[in-house]
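Structure, as structure tokens:
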Amino acid sequence: MKSEVEGMSFDKSHVEAEILSIANPKKAEAIMKAKREEEERQREEERIKEEQERLIKESIDAERAKNMELHRPILQRNQERCQA
């Protein structure tokens, strides 16, 4: 019996949520709704962060490409001088 009990694991928050859903269904639903809304808010914040990081990277890449294009004539002259 002892080994069977040791092998079992319980998620305390899940058990508490189940008890609350029986004892006070309205409160349990309000708590679950708030939890879902918080998870959605966190997902949205993460999506926004990833979008900002992508835009920053694209901006940096575009600036590098622009700089390379501006400096291409100088680089070509330097290469020609080195080869001569």
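The values are calculated or read from the model by the stated rules, or taken from the named source; none is laboratory data. A quick note: this is a predicted structure, and the numbers were derived from the prediction, not measured. For neighbour counting, all protein chains shown are included, and Cβ atoms are generated from backbone atoms with ideal geometry for every residue, glycine included.
Values for this structure:
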item: Given (1) under 30 Å from ALA17 (Cβ atoms); (2) at pLDDT below 85, index of the condition LYS49 fails; result: (2)
item: Output for segment 15-52, where each listed residue is among the aliphatic types (A, V, I, L, M) and surrounded by 10 or more Cβ atoms within 10 Å (Cβ to Cβ); result: VAL15, ALA17, ILE19, LEU20, ALA28, ALA30, ILE31, MET32, ALA34, ILE48
item: Residue that is modelled with the lowest pLDDT [pool: residues in segment 4-46 that are assigned to a helix (DSSP H, G or I) and among the polar types (S, T, N, Q)]; result: SER13
